[in-house]
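First up is the structure itself, then whatever we jot down about it.
The values are calculated or read from the model by the stated rules, or taken from the named source; none is laboratory data. Everything numeric here is computed off the predicted structure, so don't read it as measured data. When we count neighbours, we look across all protein chains shown, and the Cβ atoms used for this are built from the backbone with ideal geometry, even at glycine.
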């Protein structure tokens, strides 16, 4: 992977995102969506096998993480991730293994060849705690803003439902977010109170494009 204009520094948080090549779907059905999330969570560890297998899922939790996953959302043709880099080159290694493994699976299942994702992933460093909270909210509101879910708290393909029961979801490092609030419910309110405004801003973008 080539030189990045904004280096990924260990110990810092990043918003990471990418979409399908030619804006195509990267997950066609629930089987694909489940597989993407399993693959993404599996490869967050350092010493995972290069060939992902569902049989390996139970054994990976004791390994050293490359990254801590804070929030995520899988949309029909793109994904958003909020993560902290734990080891040097952790994000690069995590995304490389995840996208290569998932592309191999997707191409085999859907009888296609070639790249699935539109070039290298994009990343933006999170500078402040306030920024961290806003990016997490942005990620969790994605399906509502795009009008593919009317209740973002129940959208199965994001980490938002896990924020309601953080102790039952050890795959996520969501405490950095939830510790800024008095309860999970307060965070849920922080997100959902902004939902209608975020959707209106999204709708206005299309109006300006048409002008």
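Is it the case that some residue within the range 135-148 is in contact with a strand residue (DSSP E or B) (Cβ under 9 Å, 6 or more places away or on another chain), assigned to a helix (DSSP H, G or I) and surrounded by fewer than 20 Cβ atoms within 10 Å (Cβ to Cβ)? Checking the range 135-148: at least one residue is in contact with a strand residue (DSSP E or B) (Cβ under 9 Å, 6 or more places away or on another chain), assigned to a helix (DSSP H, G or I) and surrounded by fewer than 20 Cβ atoms within 10 Å (Cβ to Cβ). Annotation: of all residues in the range 11-24 being assigned to a loop (DSSP other than H, G, I, E, B) and at pLDDT 95 or above, the one that is surrounded by the most Cβ atoms within 10 Å (Cβ to Cβ) is 12. What number of residues within the range 63-80 satisfy the criterion of being in a strand (DSSP E or B), over 9 Å from the mean Cα position of the chain (by Cα) and touching a residue at least 40 places away in the same chain (Cβ under 8 Å)? The total comes to 2. The set of residues in the range 174-201 being over 16 Å from residue 135 (Cβ atoms) and touching a residue at least 40 places away in the same chain (Cβ under 8 Å) consists of 192, 199.
Here residue 96 fulfils each of the conditions (1) over 15 Å from the mean Cα position of the chain (by Cα); (2) over 19 Å from residue 159 (Cβ atoms) apart from (1). Counting the residues of the range 149-159 that are at pLDDT 95 or above and assigned to a helix (DSSP H, G or I) gives 0.
Scanning the range 100-134 for residues that are under 17 Å from residue 75 (Cβ atoms), part of a helix (DSSP H, G or I) and modelled with pLDDT under 95 yields nothing.
Every test in (1) assigned to a loop (DSSP other than H, G, I, E, B); (2) modelled with pLDDT of 95 or more; (3) touching a strand residue (DSSP E or B) at 6+ places or on another chain (Cβ under 9 Å) is passed by residue 83 save one, and that test is (1).
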